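**Q** Structure below; questions to follow.
The values are calculated or read from the model by the stated rules, or taken from the named source; none is laboratory data. Predicted, not measured: the structure shown is a model, and the values here were computed from it. Here the Cβ positions follow ideal geometry from the backbone for every residue, glycine too, while neighbour counts run over all protein chains shown.
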Amino acid sequence: MANVSQEFRDLCQACRKGDVELVDKYIAQGVNMNQLDEWDYSPLILASICGHEKVVRLLLEKGAIVNRDTFEGSRAIYGALTDAIRSLLLSYDITKAVDVTQPFASHISALLQRPPIATADVRIGEFRLHRFLLTVMSAYFSQPNVDFGSTNGQVLRFLFEYIYLVPSLDLKGVDVDELRRVADQTGLTYMRVAVDMILAQKSAADINKTKNTVQHTMYETARQKLKILVDGIVSNKIAKDTELTAAEKRALVAPWHADLIFRAQAGSRTLHYAVHRAIFSRAEYYLTLFASGFHDTAVFGELEQDGVVDLDRLYAEADAIPVISLPSSDMLEISEETVEILLKHLYFDEADVPPQFAMETLVIADALFIDRLKTIAAISLSSIEDFSTVSISVYDVLRAAWEFKVHRLEDRVAYLIAQDLDAFCADPQFRDIILESSRRISERQEFDTIELIDDIRFYLAKKHAIDQDGGTLNPTMARVENDEYLERVRQYEQDIMAVDGILEELGLNA
């Protein structure tokens with residue numbers, strides 16, 4: 001657990017709340033803004049995921065580091081609440097080799113350049129490749145006799161780097177005429193267009209600008225093609241409570257050149273999907289499973305030779321096709337829709353999580369250690385104005401926020417409670433959740449505060465535009481005791497008294 005000072009905790013709290021002046025004060029005092037708290041959040045991550053653009057800008061201008069190749073930088077960028085914050089972070093990113101608005105592109109590039117485990121199942125020249133990705137990107141690779149025997153090595157490298165979304169698009173040393181011929185041979189029309197676009201540029205700046213345009217088109221084209229793949233996988237799933245037969249396994253995986261079966265319990269149905277280790281390794285949970293020699297996937301060690309897995313042999317011995325499962329949850333039942341949200345996210349970065357499935361998605365994203373999907377689910381939950389419309393308890397949302405360390409949701413629940421305080425004060429469950437919050441303080445002392453109560457008080461002050469030090473939160477208003485201001489103060493104090501009354505009733509000093 002990180003050893004952090006109280007000043008650093010206060011800086012983090014100010015970043016969560018979006019208090020620019022307080023953040024600036026702590027930075028001026030020399031508080032280290034680039035360290036992490038106990039939950040691996042930096043001030044920049046907190047400001048980014050909570051949507052406070054002014055705080056993000058201040059931190060960056062004062063020297064906060066954002067690097068998408070680090071854990072902290074990727075969380076800040078991928079979890080940014082708004083496109084404006086993401087763009088701001090990218091402008092300070094010290095490594096821009098890959099368009100981070102498309103994280104799946106970085107993963108697919110790594111499959112060619114530095115795969116963490118051997119998932120390739122075909123070799124062409126010096127390259128270890130994946131049949132499913134080749135056939136998705138070009139129908140040419142679906143035919144039985146793919147021939148690149150006389151193709152120049154540099155041309156082949158450009159071709160496969162293009163297919164695997166490697167962003168360099170380097171034409172140095174490449175025979176362009178042969179590359180155009182290969183583009184025609186494989187039906188990759190846009191690759192030929194992209195080459196001609198790059199060659200038509202005169203200056204280095206224009207070349208780089210064109211390459212950026214080409215990369216975005218490459219990534220979006222790949223997303224759309226992977227979407228079609230996932231649509232086919234989903235449409236052909238098998239619902240069966242018992243184990244699949246060898247024939248069923250083979251029929252399920254072979255059309256998609258898949259090497260795994262993914263089993264998920266969705267309500268009363270047990271669903272089976274054809275999937276690919278190359279894609280599922282995006283989830284840290286499954287990557288650890290694959291790399292650890294888990295007995296159900298140990299077959300790949302027997303089928304692998306020089307980094308290439310014999311997929312045909314796996315299909316011939318279909319009983320050996322591994323089945324991996326979605327971790328079960330004691331918290332709630334997972335729906336079929338949520339399982340397929342997971343598949344779409346892993347394959348092509350689908351970011352649409354409907355509010356009614358956001359809690360389920362949050363649970364499985366946390367179980368699988370998929371931070372980006374976890375953040376997207378939290379954003380979706382945060383957008384809900386009335387949880388009764390999606391049959392989710394606001395108290396369960398708060399418990400999930402505690403369980404999965406999602407500060408955004410803690411803030412959101414406190415805000416909703418402050419907006420409708422009278423209704424919550426009349427709800428016995430509100431007292432229960434206050435008690436639960438108080439128990440989260442280890443070795444509670446009399447001077448300890450309850451974080452939920454602190455947050456509610458903060459949002460009550462915002463609700464009534466009252467400075468907790470006695471002034472108004474609206475700087476354009478004169479700090480005079482006019483009738484309107486006094487009425488706001490009266491309502492604020494009335495709400496505070498209601499909260500304090502519940503605390504006294506519960507025997508809590510907070």
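**Q** Looking at the stretch 265-340, what helices (runs of 4 or more DSSP H) fall wholly within it and have at least 1 residues that are free of Cβ contacts under 8 Å to residues at least 12 places away in the same chain? Before you say what the answer is, go through the steps one by one.
**A** On the way: elements: 277-280, 284-291, 299-303, 311-316.
Output list reads 284-291, 299-303, 311-316.
**Q** Name the residue that is nearest to Arg372 (Cα to Cα), counting only residues in the stretch 54-85 that are at pLDDT 80 or above and assigned to a loop (DSSP other than H, G, I, E, B).
**A** Ala80
**Q** While we're on this one: Please work out which one of (1) closer than 21 Å to Arg412 by Cβ; (2) touching a Lys or Arg at 6+ places or on another chain (Cβ under 9 Å); (3) hydroxyl-bearing (Ser, Thr, Tyr) is the condition Thr338 fails and give its number.
**A** With respect to (1) closer than 21 Å to Arg412 by Cβ; (2) touching a Lys or Arg at 6+ places or on another chain (Cβ under 9 Å); (3) hydroxyl-bearing (Ser, Thr, Tyr), Thr338 is out only on (2).
**Q** Then there is this: Please name all residue pairs, on different chains or six or more residues apart, with Cβ atoms under 9 Å, provided the first residue is in the stretch 161-179 and is among the hydrophobic types (A, V, I, L, M, F, W, C) and the second residue is in a loop (DSSP other than H, G, I, E, B).
**A** Ile163/Ser138; Ile163/Leu188; Leu165/Val98; Leu165/Gln102; Val166/Val98; Val174/Asn152; Leu179/Asn152; Leu179/Leu171
**Q** A further question follows. Pairs needed: first member in the stretch 342-361, under 18 Å from Leu229 (Cβ atoms); second member anywhere, of a type in the set (Asp, Glu); C-beta distance under 7 Å; at least 6 residues apart or different chains.
**A** Close Cβ pairs (under 7 Å, with a partner that is of a type in the set (Asp, Glu)) amount to Lys344/Glu350.
**Q** Applying the selection to the stretch 374-393, what residues are polar (S, T, N, Q) and assigned to a loop (DSSP other than H, G, I, E, B)? Lay out the reasoning, then the answer.
**A** Taking the stretch 374-393 as the starting set, the residues that turn out to be polar (S, T, N, Q) are 375, 380, 382-383, 388-389, 391, 393.
Within the stretch 374-393, Ser383, Ser391, Ser393 meet the criteria.
**Q** Can you tell me which residue within the stretch 427-462, out of those that are modelled with pLDDT of 80 or more and either aromatic (Phe, Trp, Tyr) or touching a Cys at 6+ places or on another chain (Cβ under 8 Å) (or both), is nearest to Val397 (Cα to Cα)?
**A** Result: Phe430.
**Q** Looking at Ala222, is it under 18 Å from Met137 (Cβ atoms) and assigned to a loop (DSSP other than H, G, I, E, B)? Give the derivation first.
**A** On the way: under 18 Å from Met137 (Cβ atoms): yes; assigned to a loop (DSSP other than H, G, I, E, B): no.
No; evaluated as a whole, the condition is false for this residue.
**Q** So, in the stretch 244-264, exactly how many residues are without any contact (Cβ under 8 Å) to a residue 24 or more places away in the chain and not in a helix (DSSP H, G or I)?
**A** 1
**Q** Tell me yes or no: at least one residue of the stretch 338-346 is outside the structural domain of Ser48 (by TED's automatic domain parsing) and touching a strand residue (DSSP E or B) at 6+ places or on another chain (Cβ under 6 Å).
**A** For the stretch 338-346, residues outside the structural domain of Ser48 (by TED's automatic domain parsing) and touching a strand residue (DSSP E or B) at 6+ places or on another chain (Cβ under 6 Å): present.
**Q** Continuing with the same structure: Determine whether Gly149 is within 16 Å of Leu199 (Cα to Cα), assigned by TED's automatic domain parsing to the domain that holds Lys209, at pLDDT below 95 and part of a loop (DSSP other than H, G, I, E, B). Spell out how you get there, then give the answer.
**A** Details: within 16 Å of Leu199 (Cα to Cα): no; assigned by TED's automatic domain parsing to the domain that holds Lys209: yes; at pLDDT below 95: yes; part of a loop (DSSP other than H, G, I, E, B): yes.
Answer is no for this residue.
**Q** Residue check: is Ala200 under 30 Å from Pro322 (Cβ atoms), outside the structural domain of Trp256 (by TED's automatic domain parsing) and exposed (fewer than 14 other Cβ atoms within 10 Å of the Cβ)?
**A** no
**Q** Just wondering, is there one or more residues in the stretch 163-173 that are over 26 Å from Gln224 (Cβ atoms) and surrounded by fewer than 18 Cβ atoms within 10 Å (Cβ to Cβ)? Give the steps one after another, and end with the answer.
**A** Our first condition is that a residue be over 26 Å from Gln224 (Cβ atoms); within the stretch 163-173, this holds for 172-173.
Going one step further and asking which of them are surrounded by fewer than 18 Cβ atoms within 10 Å (Cβ to Cβ), we end up with 172-173.
The answer is yes, given that some residue of the stretch 163-173 is over 26 Å from Gln224 (Cβ atoms) and surrounded by fewer than 18 Cβ atoms within 10 Å (Cβ to Cβ).
Here's the yes/no breakdown for (1) closer than 21 Å to Phe141 by Cβ; (2) more than 20 Å from the chain's Cα centre (by Cα):
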position	(1), (2)
Lys227	yes, no
Ile233	yes, yes
Leu244	no, yes
Ala247	no, yes
Pro255	yes, yes
Ala258	yes, yes
Ala283	no, no
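**Q** It is to be established whether one or more residues within the stretch 404-421 are under 17 Å from Cys12 (Cα atoms), in contact with an Asp or Glu (Cβ under 7 Å, 6 or more places away or on another chain), at pLDDT below 95 and not assigned by TED's automatic domain parsing to the domain that holds Gly18.
**A** Yes: one or more hits.
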